[in-house]
1. Going through segment 258-292 one residue at a time, which ones are more than 16 Å from the ligand (Cβ to nearest atom), among the acidic types (Asp, Glu) and within 21 Å of residue 183 (Cα to Cα)?
2. Among the residues that make up segment 124-134, is at least one of them within 15 Å of the ligand (Cβ to nearest atom), free of Cβ contacts under 8 Å to residues at least 40 places away in the same chain, of a type outside the set (Asp, Glu) and within 26 Å of residue 282 (Cβ to Cβ)?
3. Among residues belonging to segment 100-123 that are outside any helix (DSSP H, G or I) and touching a helix residue (DSSP H, G or I) at 6+ places or on another chain (Cβ under 9 Å), point out the one that is farthest from the ligand (Cβ to nearest atom).
4. Select from segment 12-23 the residues that are part of a loop (DSSP other than H, G, I, E, B) and either open to solvent by 10 Å² or more (accessible area, probe 1.4 Å) or out of contact with any Pro (no Cβ under 9 Å at 6 or more places or on another chain) (or both) and write down the one among them that is farthest from the ligand (Cβ to nearest atom).
5. The conditions are (1) closer than 30 Å to residue 285 by Cα; (2) more than 16 Å from the ligand (Cβ to nearest atom), and residue 38 fails exactly one of them. Which is it?
6. Restricting to segment 80-89, count the residues that are more than 16 Å from the ligand (Cβ to nearest atom), in contact with a helix residue (DSSP H, G or I) (Cβ under 8 Å, 6 or more places away or on another chain) and open to solvent by 10 Å² or more (accessible area, probe 1.4 Å).
7. Condition test on residue 108, is it buried (at least 24 other Cβ atoms within 10 Å of the Cβ), touching a residue at least 60 places away in the same chain (Cβ under 8 Å) and hydroxyl-bearing (Ser, Thr, Tyr)?
8. Say we look at segment 284-326 and pick out the residues that are in contact with a Lys or Arg (Cβ under 8 Å, 6 or more places away or on another chain) and under 23 Å from residue 223 (Cβ atoms); which of these is surrounded by the fewest Cβ atoms within 10 Å (Cβ to Cβ)?
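The values are calculated or read from the model by the stated rules, or taken from the named source; none is laboratory data. Bear in mind that the values here come from a model prediction, so they are computed numbers and not experimental data. When we count neighbours, we look across all protein chains shown, and the Cβ atoms used for this are built from the backbone with ideal geometry, even at glycine. With ligands, DNA and RNA removed, areas are computed over all heavy atoms of the protein, side chains included. Shrake-Rupley method; radii C 1.70, N 1.55, O 1.52, S 1.80 Å.
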Amino acid sequence: MIMNKATAIAHPNIALIKYWGNLDDELRLPSNSSISFNLGSLETRTSVEFEPDLSGDQLLINGEAQSGQVLQRVTDQLDLVRSMAGISDSARVTSTNNFPMGTGIASSASAFAALAGAASRAAGLDLDVKSLSMLARRGSGSAARSIPAGFVVLHAEKSNEDAYAESFAGPEYWDLMDCICVVSRTHKPTGSTQGHQLAETSPLQAARVTDSTRRIRICREAILDKDFETLAEIAEADSNMMHAVMMTSNPQLLYWEPATLEIMHAVRRWRSEGLPVFYTIDAGPNVHIITLKDYRSQVIEKINQLGSITTILTSKPGYGVRFIDT
Ligand code: DP6
């Protein structure tokens, strides 16, 4: 029997050296390389079934039928898979997240990594990690990094075949812990796809990109050496640089809320007092506080003492995309 259904699980990831801006928006070829680790406690589970009788692709996310742009982005990804596999059937796609929607926790990375895995397998393709990463990148740039396991680098290259992510340390390599402070639950006004297109309008983007090779080298070495202080300094500088580009784009993107800044100051204070913590912030107001596993409770207690944060999600480094029997 020909298998036409498959289910995959993938995790979101948090970038320590951020990706912002594309060389090619259509292919989602990133302007600079990025480094992240997968968030093992948060996951997206996606099933794809190709069915000859369907008149169009169908998409359910957490039980709700999707249409419009959300469905179109999935259809675009499925079209790539269909052309690779030489099939034309429409697909039924069912996806669930184990983390709350609408908390600003980026689900596009785990969503497109799980979709790339499940759709390619359901179409009868047996893609390796590199090819899956390239495919996931076409759906969402950061999704390329959710394919390999643990600590990952996404290479910025000019061709589709060279822009993929690979693991340089497994999830057990270092006991980092991400404590995500959910600052706002409102939907962000400008999503990443539009944001990437504005990056070049900031005069700071060219300098940020030129310097990214240096930051990538320092970050990668700090992870491999388990040098927390060096990682803290480079990751915070990198996050600040990305937000400097965002704030100086035209139109400008200002994602920080008062609570975002409050946490940034607090994290720097805690670090000067000896606590191993640093912050990193994506395209939204939420703050990821990175610490070491042994300090998790202490960090949560300190965040709670601030009084402004009601939701904290935590995660250790996690595996890459994987398949499960359905
Ligand atoms: C700020 O991968 O979300 O999180 O390709 O449009 O889906 P799309 O963009 P996306 O961009 C990620 C931006 C970021 C930084 C990062 O994760 O590197």
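1. The one that is more than 16 Å from the ligand (Cβ to nearest atom), among the acidic types (Asp, Glu) and within 21 Å of residue 183 (Cα to Cα): 262.
2. The initial filter retains those residues of segment 124-134 that are within 15 Å of the ligand (Cβ to nearest atom), namely 133-134.
Okay, now just the ones that are also free of Cβ contacts under 8 Å to residues at least 40 places away in the same chain, so 133-134.
Then keep just the ones that are of a type outside the set (Asp, Glu); that gives 133-134.
Now narrow it down to the ones that are within 26 Å of residue 282 (Cβ to Cβ): 133-134.
Yes, that holds for at least one residue.
3. First, pick out the residues of segment 100-123 that are outside any helix (DSSP H, G or I): 100-107, 123.
After this cut, where a residue has to be touching a helix residue (DSSP H, G or I) at 6+ places or on another chain (Cβ under 9 Å) as well, the list is 106, 123.
Working: 106: 6, 123: 22 Å.
It comes out as 123.
4. Among residues in segment 12-23 that are part of a loop (DSSP other than H, G, I, E, B) and either open to solvent by 10 Å² or more (accessible area, probe 1.4 Å) or out of contact with any Pro (no Cβ under 9 Å at 6 or more places or on another chain) (or both), the one farthest from the ligand (Cβ to nearest atom) is 12.
5. (2)
6. 4
7. When the stated conditions are applied, residue 108 does not pass them.
8. It comes out as 293.
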